[in-house]
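*Asks:* Got a structure for you, questions after.
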There are 2 protein chains.
Amino acid sequence: LEAGENDAVYGLVEGLHPADIADLFELLDSDERPALAIAISDLMGSEVYAELNDYVREDIVEQLPAETVADIAEQLDTDDAVAMLEDLDEEDQQAVLAEMEPEDRAAIETALSYPEESAGRLMSRDFVAVPEHMTVGDLIDFLRDGRDLANEFWEVFIVDARFHPVGTCALSWILRTPRSIALTDVMQRDQTLIPVTMDQEEVALRFQKYALISAAVVDADGRLVGQITVDDVVHIIQEEAGEDVLLLSGAGEGDINEPIRDSYVARVRWLIANLATALLGATIISSFGGAIEKLVALAALSPMVASIGGNAGTQTMAVAVRALATNQLTRTNTTRILLREFRVAVLNGVTVATLIGVATALVFSNPLLGVVIGTAVVVNIITAGLAGVVVPVTLDRLGQDPAVASSVFVTMITDSMGFFAFLGLAVASGLVG
Amino acid sequence: LEAGENDAVYGLVEGLHPADIADLFELLDSDERPALAIAISDLMGSEVYAELNDYVREDIVEQLPAETVADIAEQLDTDDAVAMLEDLDEEDQQAVLAEMEPEDRAAIETALSYPEESAGRLMSRDFVAVPEHMTVGDLIDFLRDGRDLANEFWEVFIVDARFHPVGTCALSWILRTPRSIALTDVMQRDQTLIPVTMDQEEVALRFQKYALISAAVVDADGRLVGQITVDDVVHIIQEEAGEDVLLLSGAGEGDINEPIRDSYVARVRWLIANLATALLGATIISSFGGAIEKLVALAALSPMVASIGGNAGTQTMAVAVRALATNQLTRTNTTRILLREFRVAVLNGVTVATLIGVATALVFSNPLLGVVIGTAVVVNIITAGLAGVVVPVTLDRLGQDPAVASSVFVTMITDSMGFFAFLGLAVASGLVG
């Protein structure tokens, strides 16, 4: 299809929604993407670029002259333009900025001056703000006259003389109110203001908690500088919530469009960390070499004890990491959650230990071996339950993202405890020697 | 604080946002919750109930008389009322419905007739739809007159005589357009219509992809029956994206407010499944009992080979599960992703195998042992990379949720392959006997 028949391709793509065109690029091999971009260059509106996956966009944007990129950026809302430019090299970025209109360039440069993943990068500078003295009628006339208005707005912000937000008015209330009424009589005074430096994850939680459609962004002096709309936040909620599974597994960003080299670097780090923790387990087993020589069954069974503990630890850890990420697990209820996980661990431990203990006793015709493995499993599942809460909570209090490193520590604890409890009990109980 | 001083508590809680009051309940022990509900009963508006965690709400709602629950449900939007009632027992649900106004009851009964987690449960029946012949002025007059209008709406749906949606008009366009213009001239004809039976996860993906604020829901005949707004979808995006980490870890729903019994049942199933897969590993080790008796180091090292493979498998699996959940991994690019993961696995495998092989050769002064473990690690990491894609993709094609059972299969594959490759190579290479 890609072999020359550009007109046919154009015909097929024409009429698709920009988000669908963006999807089409992601499905293609990376070497086919520039060809498609050329075949349908008329259809490559700025919206298509806004919808593209970061890595795919970088592929395509790097091929384009700075002038073309600048044209596209000028048509986008500030937040989308920033998303497009922030991934470029310093040099390319400067080249594109130099080609832009001074006003647009200033807006993007200001946005780029805020920290990555902050509200300042996310906000759009296009919003509707009006003074306190306006009536509903004045506002409607102002909107009907307005040329340079925001593309999208769902509420109007009312500001005082110093440009501090004093209230907000959903468009539906304005439409339902007679022209003569003052805006200050219909506006809602309580509103969620987002500081410009707030982390995007926190912004997303606010939107979710208070069911916001848009929110005013204020600078350090409390002046209105931008608005964030929910459609930009939806991506973040998805990313942040989906990120935990990737981080916990040690897969880094885990985007299937990420270059192979980046994936390799992100993942091999955690495999090496895992190697180090596995080494600890191997050392513990080695130190019980004498016991294993006497009873080879110990070698076959000890990985089971470690693996079941690891599994139980992963369960609790996943629950704790999600609860931390959604602000459900806080200082006030940590003890309660720890107690809760302890109870679940006791129930799980006793159930699994009974199964494995009885089965081992029967298979090896050795009741004492059954008691030893059962006890070790209970000990390890309870350890896992506690470690699954304590490790992520501790990382969180130390200001680390609990999803990033919890796995390594929890696995280290459950592996070591599994081998040590099982082999140690085997020796202490007089099972061997 | 809870000991009697209800007035003081009332004073503290007064003035909080309903979402914050709901959070307060979640932080309390479950036996303290009813006391708080009584202390602040005046403040327990329907919004607070809408914001409560499902389990916490059930705790409180079960204590209330059916009449009170009916009053609360009548004040809520249909979707929130349905969320409150759908968790009750059949009997309590009927009792509450019997106390409701016929009209509200009918709306809720219809919603409950749609499948769980479908658009029909999620939609609100309160929306604004107007006929095609209206002008902007007619619409504004209609809205100003309207008494029984939706609490919240962000766009107006334009319908034909059969109540089929023909277009949609964002409120901002209406406000910016002169009164005399016909709605059909400002409306957008292309709109995303949501079938009433669509799964909520699919609804969430549509909202995200097309950056929707609200969308019309249509029945099988194409008639407009409700609207879904983005604030209800945000919860679903969060839940569905966060759910994967919990499902992959075998923690079930993994809500920290879930009753202990439910958590126990959800988790112990997976621990038992894990037991069965670990048994397979133990059997493989047992069958190499003779080799282990001759070289105890094999017992210490074989769990390392299995564990590193498990880790690599989990990384790839997390990436594949997220890519499937976000519709990035489809039939058209499965082969490409498989090849990509194969390449990453080869790089990872060679790096980790070199480290572990050299270290083993040195520690045990046994170069052949180093070669054997290195080769086994490469084989297992590549197996893990392929299994991490193939297992979730296969489950997905069989119509299963790949997040639910992938872990068990992938772990089984990497454990067995780890033990078998390492111990098998040890024997085949003549390292032992």
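*Asks:* What FRET efficiency would be calculated for the residue pair A:I38, A:E201, taking the C-beta separation as r and a Förster radius of 35 Å, to the nearest 0.05?
*Replies:* Efficiency computed from Cβ-Cβ geometry: 0.35.
*Asks:* Among DSSP bridges having both ends in the protein assembly as shown, what percentage is antiparallel? Round to the nearest 5.
*Replies:* 70
*Asks:* Note down the net charge around A:S307, summing +1 for each Lys or Arg and -1 for each Asp or Glu among other residues with Cβ under 14 Å from its Cβ.
*Replies:* On the way: positive: none; negative: A:D415, B:D415.
Its environment carries a net charge of -2.
*Asks:* Report, as a whole number in µm² per second, the diffusion coefficient that Stokes-Einstein gives for region B:6-115 at 25 °C and 0.890 mPa s using the Kirkwood radius over alpha carbon pairs. Working shown, then result.
*Replies:* On the way: Rh = 14.3 Å.
Estimated via Stokes-Einstein, D reaches 171 µm²/s.
*Asks:* How big is the C-alpha Rg of the protein assembly as shown next to the rule-of-thumb value 2.2 N^0.38 Å, as a ratio? The partial results should precede the final answer.
*Replies:* Numbers: Rg = 30.1 Å, N = 866, 2.2 N^0.38 = 28.8 Å.
Dividing the Cα radius of gyration by 2.2 N^0.38 Å gives 1.05.
*Asks:* Taking amide H positions as placed 1.01 Å from N in the peptide plane, with prolines and chain starts having none, which residues 5 or more places from B:V166, or on another chain, fall under 5 Å of its amide H?
*Replies:* Here the answer is B:I158, B:V159, B:D160, since their amide H atoms fall under 5 Å of that of B:V166.
*Asks:* What net charge is computed for the residues neighbouring B:L247, neighbours being all others with C-beta under 10 Å from the C-beta of B:L247, Lys and Arg scored +1, Asp and Glu -1? Don't skip to the answer; put the middle values down first.
*Replies:* Details: positive: none; negative: B:E243, B:D244, B:E253, B:D401.
Taking every other residue near B:L247 into account, the sum is -4.
*Asks:* So for region B:27-163, averaging the separation of alpha carbon pairs under 8 Å that are six or more residues apart and normalising by length, what relative contact order in percent results?
*Replies:* Numbers: 110 pairs, mean separation 26.3, N = 137.
Once normalised by length, the contact order is 19 percent.
*Asks:* Roughly speaking, what is the stretch gain from A:E67 to A:D31, that is 0.36 nm per residue apart minus the C-alpha to C-alpha distance, in nm to one decimal? Could you put the intermediate results ahead of the total?
*Replies:* Details: separation 36, 0.36 × 36 = 12.96 nm, distance 2.30 nm.
Additional length available on full extension: 10.7 nm.
*Asks:* A follow-up question, please. Mind giving me the nanometre distance, one decimal, between the label points for B:E116 and B:T394, set 7 Å out from Cα along Cα→Cβ?
*Replies:* 2.9
*Asks:* List A:H235, A:H133 from most exposed to least, where exposure is judged by having the fewest other Cβ atoms within 10 Å.
*Replies:* Numbers: A:H235 16, A:H133 10.
In increasing order of surrounding Cβ atoms, one gets A:H133, A:H235.
*Asks:* Please report the net charge: other residues with Cβ closer than 12 Å to the Cβ of A:P115, K and R +1, D and E -1. Please list the in-between numbers first.
*Replies:* On the way: positive: A:R121; negative: A:E86, A:E116, A:E117, A:D199.
Result for the neighbourhood of A:P115: -3.
*Asks:* Let me ask something additional. Taking neighbour counts of Cβ atoms within 10 Å as a proxy for exposure, in what order, fewest first, do A:E99, B:E109 appear?
*Replies:* Working: A:E99 17, B:E109 14.
Neighbour counts put them in this order, fewest first: B:E109, A:E99.
*Asks:* Starting from the 7 Å offset along Cα-to-Cβ, what nm value, one decimal, do you get for the label separation of B:A98 and A:R162?
*Replies:* Taking the two extended label points, one gets 6.1 nm.
*Asks:* May I ask you to evaluate 6.51 cos²θ - 1.76 cosθ + 1.60, the Karplus curve with θ = phi - 60°, for each residue of region B:417-426 and list the ³J(HN,Hα) values in order in whole Hz, giving x for glycine and proline?
*Replies:* Here the 3J(HN,Hα) series is 5, x, 5, 5, 5, 5, 5, x, 5, 4 Hz.
*Asks:* Using the Karplus equation 6.51 cos²θ - 1.76 cosθ + 1.60 (θ = phi - 60°), what ³J(HN,Hα) coupling, rounded to whole Hz, does each residue of region A:280-289 give in order, writing x for Gly and Pro?
*Replies:* Working through the residues one at a time gives 4, x, 4, 5, 4, 4, 4, 5, 9, x Hz.
*Asks:* Another question, if that's okay. To one decimal in nm, how far is A:T283 from the same spot in the other copies, if labels go 7 Å from Cα toward Cβ? Please give the shortest first.
*Replies:* 3.5
*Asks:* Let me ask something else. How many nm is it between the label spots at B:N327 and A:E14, if each spot is 7 Å from the Cα in line with the beta carbon?
*Replies:* 2.5
*Asks:* Let me ask another. So what's the gap between the Cα centers of region B:31-45 and region A:369-397, to the nearest angstrom?
*Replies:* 37
*Asks:* If the cut-off is a Cα-Cα distance under 22 Å, which lysines reach B:K294, setting aside same-chain residues fewer than 8 apart in sequence?
*Replies:* Straight-line reach from B:K294, under 22 Å: A:K294.
*Asks:* Kindly put B:T192, B:T78 in sequence by how many other C-beta atoms sit within 10 Å of each C-beta, fewest to most. Display every interim value, and only then the final one.
*Replies:* Values: B:T192 14, B:T78 20.
Lowest to highest Cβ neighbour count: B:T192, B:T78.
*Asks:* 5 Å is the cut-off here: which amide hydrogens, built 1.01 Å from N in the peptide plane, fall below it relative to B:G226, excluding neighbours closer than 5 in sequence?
*Replies:* Those lying under 5 Å, H to H, from B:G226 are B:V217.
*Asks:* Shortest first and in nm with one decimal, please list how far the B:Q188 label point sits from its counterparts in the other copies (point 7 Å along Cα→Cβ).
*Replies:* Once sorted, the set of distances for B:Q188 reads 2.3 nm.
*Asks:* How far is B:R331 from the same spot in each other copy, in nm, shortest first, if each label point sits 7 Å from Cα toward Cβ?
*Replies:* Output for B:R331: 5.5 nm, nearest copy listed first.
*Asks:* Next question, about the same structure. Could you run the Karplus curve 6.51 cos²θ - 1.76 cosθ + 1.60 with θ = phi - 60° over region B:50-55 and give me ³J(HN,Hα) per residue in whole Hz, x for Gly and Pro?
*Replies:* Here the 3J(HN,Hα) series is 4, 8, 5, 4, 3, 5 Hz.
Values in this text are rule-based calculations from the coordinates and carry no lab data. Please read these numbers as outputs of a predicted model, since none were measured by experiment. FYI the Cβ positions are ideal-geometry reconstructions off the backbone, even for glycines, and counts take in every protein chain you see.
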